[in-house]
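Undergrad: I have a structure I would like to understand better, so I am pasting it below and will then ask my questions one at a time.
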Amino acid sequence: MGMITRVRGRLRSLHTLPKLDEKVRDERIAETGMFRKYSKPTWRIIRKTYAPLDKCERTFMKMKNISTLVTQMVFFMLCDRVLLCNFGGEICPVKKVTALYSLMFYNVIAYCVSYIKELIEKEDWSVTVNMTQHSNIKHLAMSATKIVLEWTKAVTFIITVTFMLLVFGLEQGLEHYHPTALYTFITWTYYMCTEKVFVDLFLPLLQMLKLKSLEALEQFYAPVYLRYYTIVLATTLSLCLLLYGQFSFALFAFYITVFLKVKDTIFNCLKTLKKELAMLGQFRQATSEEIDNCDDVCAVCLCPMERARVTPCQHMFHASCLRECLNNSNNCPICKREYVFVH
């Protein structure tokens, strides 16, 4: 409907042109020509000027660990200035180290969680390494290296946990660390949405909900949801800092935590999600009446269907099953016909 409306509007404007005076009509045509003449060179200059910066931004975003650490640090400093500042916008001197302490504690927790997760998911508990996969001969050097690495991980984990218990139990060195509940909630949720070990845990939680509207696309929706949450948080805090009058750091924080995040989201996870949705969008969703009338299981996974997609040959499959089939072939799994779409 939107396209039809625009076409009608253009047709009306063309009909009105002859009714205008020749002088006015010539002026309008000249203005349009001048705009087209100068807009393209201007846009070309902007693109050439921005190209080196764009290259640096893409390189920075490809370095996942460094970019994540820098983004977390800038966001925590942003929280310091917004949530722990005086009414004049100045940070309290005794609270300047809150961001560093918080990020350090959260990194320690992430390390502990990742080590425990590794132990839970570990399948091979042997301390030796065989020469080959089908041989029982032990490789002495590799076995010794494996033992040293495993013991180093275990000792590091024990020392880290002991250190954390002593610090929080004795409260030594925490005289100036007094985060509020709101500060802790915002920084901790942001950290969980950006740190890899917690991001990997979010996908199984989303899959446990079994939301039918996602159509088994949780692995593509999960990073987008997390990015949206962090972007909204950073945008809100940056606007609040602008109200305090700290324009320079607010713009810098907005660039690092919002602009680059949005750019990375558009060119990566959101692009992938749109591609998968476009692939499924070719197949219409089956109505509840069609599913009831079919009264059958999905031919791919042999499970009942509550939501399904209909192929051009009028066969119904789960969206996830249809996606898997499309990755291998463009033919229907039942009748083996090639999909032909009539637009």
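Undergrad: Just to verify a result, which residue in the stretch 306-323, among those that are among the hydrophobic types (A, V, I, L, M, F, W, C) and more than 17 Å from LEU217 (Cβ to Cβ), is surrounded by the most Cβ atoms within 10 Å (Cβ to Cβ)?
TA: Checked the stretch 306-323; the qualifying residue surrounded by the most Cβ atoms within 10 Å (Cβ to Cβ) is MET316.
Undergrad: Considering every residue within the stretch 260-276, establish whether at least one is over 30 Å from ILE66 (Cα atoms) and under 26 Å from the mean Cα position of the chain (by Cα).
TA: No, there is no match, as no residue in the stretch 260-276 is over 30 Å from ILE66 (Cα atoms) and under 26 Å from the mean Cα position of the chain (by Cα).
Undergrad: Here is a list: LEU69, LEU83, LEU53, LEU100. Which entry is open to solvent by 40 Å² or more (accessible area, probe 1.4 Å), under 27 Å from LEU242 (Cα atoms), within 23 Å of the chain's Cα centre (by Cα) and at pLDDT below 85?
TA: LEU53 is the lone residue from the list that is open to solvent by 40 Å² or more (accessible area, probe 1.4 Å), under 27 Å from LEU242 (Cα atoms), within 23 Å of the chain's Cα centre (by Cα) and at pLDDT below 85.
Undergrad: Are any of the residues in the stretch 291-305 open to solvent by 100 Å² or more (accessible area, probe 1.4 Å) and within 30 Å of ARG227 (Cα to Cα)?
TA: Within the stretch 291-305, none of the residues are open to solvent by 100 Å² or more (accessible area, probe 1.4 Å) and within 30 Å of ARG227 (Cα to Cα).
Undergrad: Among ASP26, ASP21, which is at pLDDT below 80, charged (D, E, K, R) and open to solvent by less than 100 Å² (accessible area, probe 1.4 Å)?
TA: Among ASP26, ASP21, only ASP26 is at pLDDT below 80, charged (D, E, K, R) and open to solvent by less than 100 Å² (accessible area, probe 1.4 Å).
Undergrad: Identify the residue in the stretch 326-343 that is farther than 12 Å from LEU280 by Cβ and assigned to a helix (DSSP H, G or I) and, among all such residues, is least open to solvent (accessible area, probe 1.4 Å).
TA: ASN327
Undergrad: Taking the stretch 202-227, which residues are assigned to a helix (DSSP H, G or I), open to solvent by 70 Å² or more (accessible area, probe 1.4 Å) and without any contact (Cβ under 8 Å) to a residue 24 or more places away in the chain?
TA: Within the stretch 202-227, LEU205, GLN207, MET208, LEU209, SER213, GLN219, TYR225 qualify.
Undergrad: Tell me which residues, restricted to the stretch 241-252, are buried (at least 17 other Cβ atoms within 10 Å of the Cβ) and outside any loop (DSSP other than H, G, I, E, B).
TA: Result: LEU241, TYR244, ALA250.
Undergrad: Another question, then. Assess whether ASN293 counts as being more than 30 Å from ILE66 (Cβ to Cβ) and in contact with an Asp or Glu (Cβ under 9 Å, 6 or more places away or on another chain).
TA: no
Undergrad: Identify all residues within the stretch 291-325 that are under 34 Å from the mean Cα position of the chain (by Cα), part of a loop (DSSP other than H, G, I, E, B) and touching a residue at least 24 places away in the same chain (Cβ under 8 Å); write none if there are none.
TA: ALA299, VAL300, GLU306, ARG307, THR311, PRO312, HIS318
The values are calculated or read from the model by the stated rules, or taken from the named source; none is laboratory data. Keep in mind the model is a prediction, meaning the values are calculated, not measured. Virtual Cβ from ideal backbone geometry, glycine too; neighbours counted across all protein chains shown. When the accessible area is computed, the model is the full protein with side chains, heavy atoms only, and any ligands, DNA or RNA have been set aside. Shrake-Rupley method; radii C 1.70, N 1.55, O 1.52, S 1.80 Å.
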